[in-house]
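K.L.:
Have a look at this one before I ask anything.
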């Protein structure tokens, strides 16, 4: 299926083709921004970063098999054809939208302030029992990653599950204009990117921009346990999921089996079936109904959906559990906001043994930061956290909230080095240890320290 060529890219982006006559119609498959990731036939997108300019790697990309480059300037002594555009970041979105329009397969878009990556993984895993599914890789959920993922579609794919992350107004509209989701999942409206979006109503307004780019027969699958989503009318068929009895599809009879699994029953108008998800975290029960509903919408049976749940595995950095030397270590330090931290604390509260929470700043909360951090500390005490260790400027309010709510053993560390030094004194064999903070706090540095404890 030859959809993209250098000449077609120049045409749809109003760019300037540079190359020979014979290079105009070279077929292009896929796109990358890193010359080390180039596969034969790829489009290499030259992106100017803060430290590196992709234009300097264009010829290296050609050496690795790139069919064409997308650039904002002339490439000296080019080893292949390229197209000059005003902005490669704007152009790649145009290209991705054009390319996606040639695929008549169900495309599922996923967003939310918490749980969207896990939802993406569990939905893709469920659908994968019957369909060949393209899913968002790693953290490619933004205005550069999403078009690169869409350009990974090929004739083998029977469905696509695309994670869509935003931090400001207008971004979701630009993503949805490319993705054109047939089914749009919203996991929860929470306190993420409040600095840019203002308040929860702003978060809702920003994330629901997607509905303007869906067809009239599109389907909104929204978390019915979230009051804002429950009351929101998307202007199309709406299905609500969650734990409450009012939901169209819900999880009941939820039981956590330590860090090994979560068992539950899925209930909808199609009946009831039991399922096991072999991963850690009670939050999985909140997302399972959404995955089951998408499966039902695409024709999967209850047996196929259950088989998908059984194939699910944890995502690195998101409630990923290891057991170094008898310690249950929960690596959840990919990112953090008030909703995700509370979900992580709720999950650890269900484990046996001493519960240790090592928490850091939740960034970008603006003027509500102190209040939100205090609430996390209070919630940690309510969840029965036995030992709390905090690091970060605003994390001191987590400590304050923890102590005010009756937390027993806790300390706020001014410096990361002090926390690292104390880890052997804090943690002992048999403990369940949660490590969570915003990505900018670099709490992943603590994981090898904990893993090496004797």
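The values are calculated or read from the model by the stated rules, or taken from the named source; none is laboratory data. Since we're looking at a predicted model, the values are computed, not measured. As a convention, Cβ positions derive from the backbone with ideal geometry for all residues, glycine included, and neighbour counts pool all protein chains shown.
K.L.:
Take residue 192 and decide whether it is at pLDDT below 95 and either touching a strand residue (DSSP E or B) at 6+ places or on another chain (Cβ under 8 Å) or surrounded by 18 or more Cβ atoms within 10 Å (Cβ to Cβ) (or both).
P.N.:
On the way: at pLDDT below 95: yes; either touching a strand residue (DSSP E or B) at 6+ places or on another chain (Cβ under 8 Å) or surrounded by 18 or more Cβ atoms within 10 Å (Cβ to Cβ) (or both): yes.
Here the answer is yes, as residue 192 does meet what is asked.
K.L.:
In the stretch 116-132, which residues are touching a helix residue (DSSP H, G or I) at 6+ places or on another chain (Cβ under 8 Å) and either in the same structural domain as residue 340 (by TED's automatic domain parsing) or crowded, with 21+ Cβ neighbours inside 10 Å (or both)? Step through it out loud before you land on a result.
P.N.:
Of all residues in the stretch 116-132, those touching a helix residue (DSSP H, G or I) at 6+ places or on another chain (Cβ under 8 Å) come to 118-119, 122-123, 125-130.
Listed by number, the residues that qualify are 118, 119, 122, 123, 125, 126, 127.
K.L.:
Go through the stretch 60-71 residue by residue and tally those that are touching a helix residue (DSSP H, G or I) at 6+ places or on another chain (Cβ under 9 Å) and either on the phi > 0 side of the Ramachandran plot or part of a loop (DSSP other than H, G, I, E, B) (or both).
P.N.:
3
K.L.:
Give the number of residues within the stretch 235-255 that are on the phi > 0 side of the Ramachandran plot and either surrounded by 19 or more Cβ atoms within 10 Å (Cβ to Cβ) or touching a residue at least 40 places away in the same chain (Cβ under 8 Å) (or both).
P.N.:
Total meeting the criteria: 1.
K.L.:
Would you check which residues across the stretch 415-454 are surrounded by 13 or more Cβ atoms within 10 Å (Cβ to Cβ) and not in a helix (DSSP H, G or I) and list them?
P.N.:
Within the stretch 415-454, 427, 428, 431, 432, 433, 434, 435, 436, 437, 438, 453 meet the criteria.
K.L.:
Please work out which one of (1) farther than 20 Å from residue 117 by Cα; (2) touching a helix residue (DSSP H, G or I) at 6+ places or on another chain (Cβ under 6 Å) is the condition residue 159 fails and give its number.
P.N.:
(1)
K.L.:
Might you let me know whether the stretch 170-178 holds any residue that is modelled with pLDDT of 95 or more and farther than 17 Å from residue 107 by Cβ?
P.N.:
Among the residues of the stretch 170-178, at least one is modelled with pLDDT of 95 or more and farther than 17 Å from residue 107 by Cβ, which makes the answer yes.
K.L.:
Taking residue 155 as meeting all but one of (1) modelled with pLDDT under 95; (2) within 26 Å of residue 194 (Cα to Cα), write down the number of the exception.
P.N.:
Failing condition for residue 155: (2).
K.L.:
With the structure loaded, tell me whether residue 158 is over 23 Å from residue 242 (Cα atoms), surrounded by fewer than 18 Cβ atoms within 10 Å (Cβ to Cβ) and either free of Cβ contacts under 8 Å to residues at least 40 places away in the same chain or under 13 Å from the mean Cα position of the chain (by Cα) (or both) or whether it fails that test. Break it down stepwise before answering.
P.N.:
Values: over 23 Å from residue 242 (Cα atoms): yes; surrounded by fewer than 18 Cβ atoms within 10 Å (Cβ to Cβ): yes; either free of Cβ contacts under 8 Å to residues at least 40 places away in the same chain or under 13 Å from the mean Cα position of the chain (by Cα) (or both): no.
Answer is no for this residue.
K.L.:
Do the conditions hold for residue 396, that is, is it farther than 30 Å from residue 167 by Cα, touching a strand residue (DSSP E or B) at 6+ places or on another chain (Cβ under 7 Å) and either surrounded by 15 or more Cβ atoms within 10 Å (Cβ to Cβ) or not assigned by TED's automatic domain parsing to the domain that holds residue 260 (or both)? I'd like the intermediate steps shown before the answer.
P.N.:
Numbers: farther than 30 Å from residue 167 by Cα: no; touching a strand residue (DSSP E or B) at 6+ places or on another chain (Cβ under 7 Å): yes; either surrounded by 15 or more Cβ atoms within 10 Å (Cβ to Cβ) or not assigned by TED's automatic domain parsing to the domain that holds residue 260 (or both): yes.
It is false that residue 396 is farther than 30 Å from residue 167 by Cα, touching a strand residue (DSSP E or B) at 6+ places or on another chain (Cβ under 7 Å) and either surrounded by 15 or more Cβ atoms within 10 Å (Cβ to Cβ) or not assigned by TED's automatic domain parsing to the domain that holds residue 260 (or both).
K.L.:
For the stretch 197-209, indicate whether the set of residues that are under 25 Å from residue 126 (Cβ atoms) and not assigned by TED's automatic domain parsing to the domain that holds residue 438 is non-empty. Lay out the reasoning, then the answer.
P.N.:
Applying the first criterion (under 25 Å from residue 126 (Cβ atoms)) to the stretch 197-209 yields 207-208.
Filter once more, keeping what is not assigned by TED's automatic domain parsing to the domain that holds residue 438: 207-208.
Within the stretch 197-209, one or more residues are under 25 Å from residue 126 (Cβ atoms) and not assigned by TED's automatic domain parsing to the domain that holds residue 438.
K.L.:
Please report, ordered by residue number, the strands (runs of 3 or more DSSP E) entirely within the stretch 267-332 with at least 1 residues that are touching a residue at least 24 places away in the same chain (Cβ under 8 Å) and surrounded by fewer than 16 Cβ atoms within 10 Å (Cβ to Cβ). Talk me through it step by step, then tell me what you get.
P.N.:
Working: elements: 271-277, 320-322, 328-331.
Because the criterion is at least 1 residues that are touching a residue at least 24 places away in the same chain (Cβ under 8 Å) and surrounded by fewer than 16 Cβ atoms within 10 Å (Cβ to Cβ), the strands (runs of 3 or more DSSP E) in the stretch 267-332 that meet it are 271-277, 320-322.
K.L.:
Would you mind finding the one in 164, 138 that is under 16 Å from the mean Cα position of the chain (by Cα) and under 14 Å from residue 100 (Cβ atoms)?
P.N.:
Details: 138 fails: under 14 Å from residue 100 (Cβ atoms).
Matching residue, one of 164, 138: 164.
K.L.:
Something else about it: Which members of the stretch 72-108 meet the condition of being more than 17 Å from residue 145 (Cα to Cα) and either in contact with a strand residue (DSSP E or B) (Cβ under 6 Å, 6 or more places away or on another chain) or assigned to a helix (DSSP H, G or I) (or both)? Talk me through it step by step, then tell me what you get.
P.N.:
First, the residues of the stretch 72-108 that are more than 17 Å from residue 145 (Cα to Cα): 72-86, 101-106.
The answer is 75, 81, 82, 83, 84, 105, 106.
K.L.:
Ok, one more. Among the residues of the stretch 348-359, is any in a helix (DSSP H, G or I), on the phi < 0 side of the Ramachandran plot and not assigned by TED's automatic domain parsing to the domain that holds residue 107?
P.N.:
The initial filter retains those residues of the stretch 348-359 that are in a helix (DSSP H, G or I), namely 348.
Pick out the ones that are also on the phi < 0 side of the Ramachandran plot and you get 348.
Narrowing further to those that are not assigned by TED's automatic domain parsing to the domain that holds residue 107: 348.
Within the stretch 348-359, one or more residues are in a helix (DSSP H, G or I), on the phi < 0 side of the Ramachandran plot and not assigned by TED's automatic domain parsing to the domain that holds residue 107.
K.L.:
For the stretch 67-81, give me each residue that is under 22 Å from residue 14 (Cβ atoms) and either surrounded by 13 or more Cβ atoms within 10 Å (Cβ to Cβ) or without any contact (Cβ under 8 Å) to a residue 40 or more places away in the chain (or both). Don't jump to the end; show me each part of the working.
P.N.:
Taking the stretch 67-81 first, the residues under 22 Å from residue 14 (Cβ atoms) are 67-75, 78, 80-81.
Residues satisfying the conditions are 67, 68, 69, 70, 71, 72, 73, 75, 78, 80, 81.
K.L.:
Can you tell me which residues in the stretch 6-59 are in a loop (DSSP other than H, G, I, E, B), surrounded by 19 or more Cβ atoms within 10 Å (Cβ to Cβ) and without any contact (Cβ under 8 Å) to a residue 24 or more places away in the chain?
P.N.:
Hits for the stretch 6-59: nothing passes.
K.L.:
Of the residues in the stretch 131-143, how many are assigned to a loop (DSSP other than H, G, I, E, B) and in contact with a strand residue (DSSP E or B) (Cβ under 9 Å, 6 or more places away or on another chain)? It would help to see each step written out before you state the result.
P.N.:
Of all residues in the stretch 131-143, those assigned to a loop (DSSP other than H, G, I, E, B) come to 131-132, 136-143.
If we keep only those that are in contact with a strand residue (DSSP E or B) (Cβ under 9 Å, 6 or more places away or on another chain) too, we end up with 131-132, 136, 139-141.
Qualifying residue count for the region: 6.
K.L.:
To continue, here is another question. Need the failing condition index for residue 141 against (1) assigned by TED's automatic domain parsing to the domain that holds residue 211; (2) surrounded by 20 or more Cβ atoms within 10 Å (Cβ to Cβ); (3) in contact (Cβ under 8 Å) with a residue 60 or more places away in the chain, just the number.
P.N.:
Looking at each condition in turn, residue 141 falls short on (3).
K.L.:
Take the residues of the stretch 256-266 that are within 28 Å of residue 353 (Cβ to Cβ), free of Cβ contacts under 8 Å to residues at least 40 places away in the same chain and surrounded by 20 or more Cβ atoms within 10 Å (Cβ to Cβ): which is nearest to the chain's Cα centre (by Cα)?
P.N.:
Looking at residues that are within 28 Å of residue 353 (Cβ to Cβ), free of Cβ contacts under 8 Å to residues at least 40 places away in the same chain and surrounded by 20 or more Cβ atoms within 10 Å (Cβ to Cβ), I get 262.
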